[in-house]
Amino acid sequence: MLADVTIVGFRAFRKLHVDRLARVNLFVGANNAGKTSILEAIELLALGVPWGLWRSPLRRGEEVLAGNEEERPVGRSEVDVSHLFFGHKLEPSASFSLRSSAKPRRFLECHVVEPPPGITEGMPQARLPLDEPPGPFLAISLTSHLSSSATLIPLSPYKGIPLDVRRRYLPSASDNAPPVHFLRPETSDAPRLGVLWDRVVLTPEERHVVEALQLIEPKLERIAFLGDDRRYTRNILLKLSDSDRRLPLGSAGDGLKRLLALALHLIPAQGGYLFVDEIDTGLHFSVMTDMWRLVIDTATRLDVQIFATTHSLDCVLALAWVREKLEIGASDVALHRVERGVDHTVAYTPDEILTAARHNLEVR
Ligand SMILES: Nc1ncnc2c1ncn2[C@@H]1O[C@H](COP(=O)(O)OP(=O)(O)OP(=O)(O)O)[C@@H](O)[C@H]1O
Ligand SMILES: [Mg+2]
């Protein structure tokens, strides 16, 4: 479990220090305060591998269109990693670093460099018309706790990372990266959930997933995924105790889909990290305490460290109440307030949150 993180030069942070990290961490703050960026920084640090670099740009749709007009429509978009660098500046000498200094020590640094000859071999040459004249070829030099030598990742003349470069760094078991999963506010699509479901079906964990959904739908008996993997279609079906029909999950509310996504992402994160952006999405206040119970129980049982964000005071209070009810250690849960332009987050223990709420203080 990470205990602290220092972020330098990453996205909107010139410098940010986050400490008092617990097993379950909830980040609160206004829009654009940098909550999602903190999750992304910790995700990249926890992974420590080159392919971690394009995870958040791909999720955010940060892409650059490469090639000329005729080439553009298909398969020519490249990952634009410039937004990972403070001020969106991808130029020689730009860099960012992520570090945790308490044990376990972790670090990841990226420097923009002019690459040695040869490394850009096979890279498409820029062709006109371009929005900007092509500059020199650049590369990113990545070092981390996982490798004793730097990895050089070449950028295209459009300063993006093309698909064939990304393919050189596909995830593999020899990476030694821990399990790291990231759940976005939009409920995951059925094919993606289907892949995760296949990992739990007929294992003891399947029961936990059904129990999670029963928090919202007590009549739920079974859940099944049907479909055609070759066509990449999956249908999620539910069996309720008061009906002989199998009902599509699509006919249920968003809360059920969200809990399913949450439960299915928690399980493969065993021994690693789960990031949940806007954890309250789709959930009514009445379900929020049950949701936290599920998250805390599962995270403790499977040794997962959780990093979540929210805008909702209900979500914050529910976390504090659940902590009090479950009688788990105060150090297992922490709330971190993020403020734009402030170089450290402020951590509250659940007891402090409850005291603040009782005094009607603002912790959002
Ligand atoms: N490379 C960068 N350099 C400077 N600022 C950046 C960079 N990348 C993103 N930002 C700024 O960071 C802010 C967005 O941060 P982030 O998405 O983490 O906010 P958030 O707290 O999650 O917001 P919300 O609550 O709306 O989801 C925006 O103001 C954006 O302009
Ligand atoms: Mg956000």
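Each value in this text was obtained by applying a stated rule to the coordinates, not by laboratory testing. Please read these numbers as outputs of a predicted model, since none were measured by experiment. Glycine also receives a Cβ, built like all others from the backbone with ideal geometry; neighbour counts cover every protein chain displayed.
If R0 is taken as 30 Å, the Cβ-Cβ distance between residue 301 and residue 226 corresponds to a FRET efficiency of 0.55.
Each stretch of four or more DSSP H residues adds -39500 (n - 2.57); spread over every residue of the chain, this sum gives -8000 deg cm²/dmol at 222 nm. Gain on full extension, evaluated as 0.36 nm per residue between residue 240 and residue 15 minus their Cα-Cα distance, stands at 75.9 nm.
Taking other C-beta atoms within 10 Å as the exposure proxy, 198, 244 rank 244, 198 from fewest upward.
Would you mind getting me the FRET efficiency between residue 65 and residue 332? Use the beta-carbon distance for r and R0 = 51 Å, nearest 0.05. Mind dumping the intermediate values first?
Working: r = 46 Å, r/R0 = 0.90.
The formula returns an efficiency of 0.65 here.
From the Cα gyration tensor of the chain, with a ≥ b ≥ c the square roots of its eigenvalues, which class applies: rounded if a/c is under 1.5, or else prolate if a/b is larger than b/c, or else oblate? The shape class here is oblate. With everything on Cα atoms, drop me the angle between helix 190-200 and the longest principal axis of the chain, reported from 0 to 90° to the nearest 10. With rounding to tens, the tilt is 70 degrees. Extension gain for residue 270 to residue 32 (0.36 nm times residue separation, less C-alpha to C-alpha distance): 82.6 nm. The distance linking region 144-177 with region 301-344 is 33 Å (Cα centroid to Cα centroid, whole angstrom). Of the residues 286, 90, 5, the one whose Cα sits farthest towards the positive end of the charge dipole of the chain is 5 (charges of +1 on Lys and Arg Cβ, -1 on Asp and Glu Cβ, taken about the Cα centre). Within the same chain, aspartates and glutamates fewer than 8 places from residue 219 are excluded, and of the rest, those with a Cα less than 15 Å from its Cα are 211, 242, 244.
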